[in-house]
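Visitor: Structure incoming, see below.
The values are calculated or read from the model by the stated rules, or taken from the named source; none is laboratory data. Computed from a predicted model, the values in this text were never measured in an experiment. We place every Cβ from the backbone using ideal geometry, glycine too, and count neighbours over all the protein chains shown.
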Amino acid sequence: MTGLVAGVLAGDRTALGRAITLVESTQPDDRGRAQDLLSRLLPHAGGAHRVGISGVPGAGKSTLIDTLGTRLTGAGHRVGVLAVDPSSMVTGGSILGDKTRMARLAADENAFIRPSPSAGTLGGVTSTTPNAITVLEAAGYDVVLVETMGVGQSEAAVHASVDCLCVLALAGAGDELQAVKRGLLELADVLAVNKADGAGEQAARLAAAELRRALPLLAPTSEDGPPPVMTVSALTGAGVDELWDRIVEHRRLLESSGGLARRRARGRLAWMQVLLERSLLEHFESRPGLAGRRSELEQAVEQGSITPEAAVARLLAL
Ligand SMILES: Nc1nc2c(ncn2[C@@H]2O[C@H](COP(=O)(O)OP(=O)(O)OP(=O)(O)O)[C@@H](O)[C@H]2O)c(=O)[nH]1
Ligand SMILES: [Mg+2]
């Protein structure tokens, strides 16, 4: 364990990979060691600018991370990436697909790309995402980019894990707002309409203007007013520096208002809630006899001979 801690703190890539595997492990046997490791790394963590990159499949998240990450390492940053590989859902754990889409960054010695385990997760973030961020920070990565798919509950979960959520939108055919979901819009700290290049440039600019008009109506609850809307091309790099400037500006405002500490504290509480719910469910499901009784009751509910409420009440009474 001491060797692993020292390896991570020294930025050793093998140690880093092993440490992330350990803190992501869901094996009961690993949990104690993982907690031990995390408690030793925590004093060295917290220093990164944590940025979520979200958007529908194909929005260009991986391409943006490759372009932005390469620019950041060029400017002297060390960039950690947590990325979900859609293909790993089928193959059970290959990041090859995304590594090829982040080819420059994957070969960059100042970057570390880590595939997220996607099974049973919320579109790329898991309850172990904060742990993986801790390990990367302790290893000296000062920017952590988290790629997530804009699906299900993942927006809220990733929002709780990062300092800034950058949402990539695409110009739609006709309905400009189609390619970004409302739930995502409400959580976005910075919005960027991607693929603003070549024949798509004009459409991207129109979509951005449309978003700027619509945002005050769509997300009236935000304390700081609507998020800035940019146009970028992850492919050519146009607008990517400006996008990073806005992300840095967002963080500066958060820091000067004390909001960063509050946001991170809220995030930790949100994850505690997620973990509590998961543990309660696991605890409940591990009761002897539950599985059999449950499938009987499920059949009864399917047939309509008993209400879902009554079935749950009987299960809880076990
Ligand atoms: N023209 C253009 N194409 C882009 C741009 N960014 C990404 N693409 C292309 O869009 C496709 C999807 O890009 P990805 O970066 O893999 O998108 P993603 O959001 O990571 O997709 P998933 O991980 O599958 O959800 C690829 O063919 C990219 O080459 C851009 O700025 N301009
Ligand atoms: Mg991707």
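Visitor: Under 7 Å between Cβ atoms, which residue pairs at least 6 apart in sequence (or on different chains) link something in the stretch 64-78 that is not assigned by TED's automatic domain parsing to the domain that holds residue 165 and polar (S, T, N, Q) with a partner that is within 16 Å of ligand 1 (Cβ to nearest atom) and outside any loop (DSSP other than H, G, I, E, B)?
Guide: Qualifying pairs under 7 Å: none.
Visitor: Output the number of the condition that residue 108 fails; it satisfies all remaining conditions of (1) of a type in the set (Asp, Glu); (2) within 20 Å of residue 244 (Cα to Cα); (3) modelled with pLDDT under 85.
Guide: Just one mismatch for residue 108, condition (3).
Visitor: What number of residues in the stretch 33-74 are more than 15 Å from ligand 1 (Cβ to nearest atom) and in contact with a Gly (Cβ under 6 Å, 6 or more places away or on another chain)?
Guide: 0
Visitor: Could I ask something else about it? Name the one entry in 213, 114, 101 that is more than 30 Å from residue 261 (Cα to Cα), at pLDDT below 95, within 16 Å of ligand 2 (Cβ to nearest atom) and out of contact with any Cys (no Cβ under 8 Å at 6 or more places or on another chain).
Guide: One residue alone meets the criteria, 101.
Visitor: Another question, if that's okay. Return yes when residue 59 is crowded, with 24+ Cβ neighbours inside 10 Å, among the small types (Gly, Ala, Ser), touching a residue at least 60 places away in the same chain (Cβ under 8 Å) and not assigned by TED's automatic domain parsing to the domain that holds residue 252 and no when it is not.
Guide: When the stated conditions are applied, residue 59 does not pass them.
Visitor: Could you grab me the full set of residues in the stretch 269-306 that are within 30 Å of residue 131 (Cα to Cα) and either in contact with a Cys (Cβ under 9 Å, 6 or more places away or on another chain) or part of a loop (DSSP other than H, G, I, E, B) (or both)?
Guide: Hits for the stretch 269-306 are 286, 287.
Visitor: For the structure I just gave you, tell me whether residue 238 is on the phi < 0 side of the Ramachandran plot and either outside any loop (DSSP other than H, G, I, E, B) or aromatic (Phe, Trp, Tyr) (or both). Full working, then the answer.
Guide: Values: on the phi < 0 side of the Ramachandran plot: yes; either outside any loop (DSSP other than H, G, I, E, B) or aromatic (Phe, Trp, Tyr) (or both): no.
Against the criterion (on the phi < 0 side of the Ramachandran plot and either outside any loop (DSSP other than H, G, I, E, B) or aromatic (Phe, Trp, Tyr) (or both)), residue 238 does not qualify.
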